[in-house]
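The block underneath contains the structure these notes are about, expressed in structure tokens.
The values are calculated or read from the model by the stated rules, or taken from the named source; none is laboratory data. Predicted model, so just to flag it, every value in this text is computed and none were measured. As a convention, Cβ positions derive from the backbone with ideal geometry for all residues, glycine included, and neighbour counts pool all protein chains shown.
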Protein chains: 2
Amino acid sequence: MQPIIAHLKRYIPLSGEEEAIFLGAVRTRRIRKKQLLLPEGDVCRQQWYVQSGCLYGYDLNEKGGMHIIKFAVEDQWIGDMHSFLCETPSLMNIEAAEASVVIEISKPSLDELYTKIPQLERFGRLNMESAFIAMQNRMLAAISQTAEERYAAFAQQFPELDQRLPQYMIASYLGITAEFLSKIRKKLSSIS
Amino acid sequence: MQPIIAHLKRYIPLSGEEEAIFLGAVRTRRIRKKQLLLPEGDVCRQQWYVQSGCLYGYDLNEKGGMHIIKFAVEDQWIGDMHSFLCETPSLMNIEAAEASVVIEISKPSLDELYTKIPQLERFGRLNMESAFIAMQNRMLAAISQTAEERYAAFAQQFPELDQRLPQYMIASYLGITAEFLSKIRKKLSSIS
DNA sequence: TCCGTTTCTTGAAATAGTTCAACATTTTTT
DNA sequence: AAAAAATGTTGAACTATTTCAAGAAACGGA
């Protein structure tokens, strides 16, 4: 079975016919490393389900500094939700950290699917609920923990990402400089 | 019309009968200032819609330090989403910053309402989408801006909250100490 | 394999934010 | 109106984190 169908079925039941409708409304794309799927300023007209590889979304401040808002690896979704829902220019850039395969779904297709397969509303709600909880936890960590605590928690929660992604991206995700993360890693490794 | 019905109707259509079903499933409660609606460790079995007043949710760290996760004023919802959905002990305390009137809805009632009024799924999704976007913006601010920038943005976005809530709560929400916020306010007021 | 590019490390100096303690101000209660 | 409680201010010393600069290591492509 297609990974994305298995993913949907973890939340809601789908008939064979509905699976076909869904698959008819999406498109599979192969993305090369560093390819920019969404540049800041464009309206985000798709959401992407990562079947393999890794995408990330980031914001650039005036000084050109990058802040990673989200990583999406296998079996996760990414897109600029605000831009997508309100059809306003995106504040976030989305690009590939690795060569990836994604399932792309456009807003018109998604709106049509919500009509044809009403239980997708439930999927959308459940999916959004868990994204919200994850974001809230990350926000709480950002306002309440030191950089060292945040990194230790990150490395424990996502050991694979900690290996897989370059240090400067992890630092950006945690809201610290790459240099400081280097020092934190050195300190933690000397302890354990 | 009841404020909560007007609130729902801003997102989805409801028939008179559905309004009655909804109102039959909820309960109005009058809350006094400092009253604790949800203590950390309890399962959060309700969501609260604030009709008037202000509630807030916070986390206490080992040292007893408070970190405010959310304020909810008139026409906003609050609850510990993770605890509510997974029926696990809450990590967050919810209490009243002011005397308030809330509409309380229990999880069994909500589940039943999702069945009886299917378009509530859509409301749930839309509501969760905007909560997610707000949380993501706050997380981004926390990892990318200085305390002064975050406070200036807060005061501009929520001028009323900035007046209405004690400084130590705003500081906690922004992830800084009350003393430092005092210094920031002094500096900003001397500039403008 | 070698070269160029990207990523990581280290230290010193600077800045942002915290802590503590004492006192001032405002709000609430009696 | 006075007393008590809660909230806000200030400065000094401290800690966390950034910035910058220079070099080291790792990686990817001809």
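Checking each residue of region A:15-35 against the condition of being over 26 Å from A:Lys116 (Cβ atoms) and away from DNA strand D (no atom under 16 Å from the Cβ) gives no match. Among the residues of region A:126-148, are any in contact (Cβ under 8 Å) with a residue 60 or more places away in the chain and closer than 24 Å to B:Asn127 by Cα? Checked against the condition, which is being in contact (Cβ under 8 Å) with a residue 60 or more places away in the chain and closer than 24 Å to B:Asn127 by Cα, region A:126-148 yields at least one hit. Of all the residues in region B:23-82, those that are surrounded by fewer than 19 Cβ atoms within 10 Å (Cβ to Cβ), within 14 Å of chain A (Cβ to nearest Cβ), in a loop (DSSP other than H, G, I, E, B) and in contact (Cβ under 8 Å) with a residue 24 or more places away in the chain number 1. Of the residues making up region A:139-166, those that are over 18 Å from the mean Cα position of the chain (by Cα) and not small (Gly, Ala, Ser) are A:Leu140, A:Ile143, A:Gln145, A:Thr146, A:Glu148, A:Glu149, A:Arg150, A:Tyr151, A:Gln156. Report the residue count in region B:94-114 for those that are under 18 Å from B:Lys33 (Cβ atoms) and within 13 Å of chain A (Cβ to nearest Cβ). So the answer is 0. With the requirement that a residue be closer than 26 Å to A:His67 by Cβ, within 12 Å of DNA strand D (Cβ to nearest atom) and surrounded by fewer than 17 Cβ atoms within 10 Å (Cβ to Cβ), what does region B:148-184 give you? Residues satisfying the conditions are B:Asp162, B:Thr177, B:Phe180, B:Lys183.
Taking the criterion of being among the basic types (Lys, Arg) and touching a strand residue (DSSP E or B) at 6+ places or on another chain (Cβ under 9 Å), the only residue of region A:90-145 that qualifies is A:Lys107.
If you go through region A:100-130 and keep only what is modelled with pLDDT of 95 or more, under 15 Å from the mean Cα position of the chain (by Cα) and surrounded by fewer than 20 Cβ atoms within 10 Å (Cβ to Cβ), you end up with A:Val101, A:Glu104. For region B:144-163, the count of residues that are away from DNA strand C (no atom under 15 Å from the Cβ), more than 9 Å from every other protein chain (Cβ to nearest Cβ) and of a type in the set (D, E, K, R) is at least one. Of the residues making up region B:100-122, at least one is touching a residue at least 60 places away in the same chain (Cβ under 8 Å) and within 16 Å of DNA strand C (Cβ to nearest atom).
For region A:173-190, enumerate the residues that are in a helix (DSSP H, G or I) and near DNA strand C (Cβ under 10 Å from one of its atoms). If the condition is that a residue be in a helix (DSSP H, G or I) and near DNA strand C (Cβ under 10 Å from one of its atoms), then A:Ala178, A:Glu179, A:Phe180, A:Leu181, A:Ser182, A:Lys183, A:Ile184, A:Arg185, A:Lys186, A:Lys187, A:Ser189, A:Ser190 are the ones that fit.
Kindly indicate whether any position in region A:121-136 is more than 20 Å from B:Leu140 (Cβ to Cβ) and either outside any helix (DSSP H, G or I) or within 13 Å of DNA strand D (Cβ to nearest atom) (or both). No, the conditions are met nowhere in region A:121-136.
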